[in-house]
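Worksheet: the structure to be examined is printed underneath.
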Amino acid sequence: MTDTTPPPAPVSYAHRIRERYERNLGPEVIAHIQAVVAAAPPPSPELVDELRRVLARPAGEVPRG
């Protein structure tokens, strides 16, 4: 008889990292971190623009010439 059960879906890298954090920190610490993040004010538009600039060019401006 052939097994027709489909293979399990692959687990993403982010999911494995999240599981490792949960295992190492424990549910109380994770809940505390989530509460602190939820209570933080939203970032200003200026901060968002600055972060976009930095992430788009982490080494700074590209030299010309």
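Restricting attention to region 1-27, the residues being among the small types (Gly, Ala, Ser) and modelled with pLDDT under 85 number 1.
Taken together, Pro10, Pro43 contain a single residue that is assigned to a loop (DSSP other than H, G, I, E, B) and exposed (fewer than 10 other Cβ atoms within 10 Å of the Cβ), which is Pro10. Here Glu46 meets the list (1) within 19 Å of the chain's Cα centre (by Cα); (2) modelled with pLDDT of 95 or more almost entirely, failing just condition (1).
Total residues in region 1-22 satisfying the condition of being within 17 Å of the chain's Cα centre (by Cα) and not β-branched (Val, Ile, Thr): the figure is 10.
The values are calculated or read from the model by the stated rules, or taken from the named source; none is laboratory data. Keep in mind that this is a model prediction, so the values were computed, not measured. Cβ: placed from backbone, ideal geometry, glycine included. Neighbour counts: every protein chain shown.
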